[in-house]
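Rule-based calculations on the coordinates, nothing more; no lab input. On a predicted model such as this, the values are computed, not experimentally measured, just so you know. FYI the Cβ positions are ideal-geometry reconstructions off the backbone, even for glycines, and counts take in every protein chain you see.
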Amino acid sequence: MGRRIHPPQTHPAQQAFSEAFDGARDRIIRKGIARRDVTAFVAQRLGVSRRTLYRWRDGVTSAPPDAVSTLRTMGDAR
């Protein structure tokens, strides 16, 4: 009898942030910013460090709701 391993549960707020981050990343890349510079660009626009951005994305800490709404509109107009 093996131990049953449950898949990690994703919190809805963390999932919303990850989806918004992925969408913003794709839109920004289409605008012409290099893929390697996107994280720094997003962090600068949100006024946080890249480390904080990664912590939000990975669900270590929760992102504020205004960060998610900013990400959803980021890259649309420039």
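Assorted remarks:
- Label-point gap, in nm, between ALA43 and ALA13 - each point 7 angstrom along Cα→Cβ: 2.2
- Local charge for ARG35 was computed over the other residues whose Cβ lies under 15 Å away, with Lys and Arg +1 and Asp and Glu -1, and equals +3.
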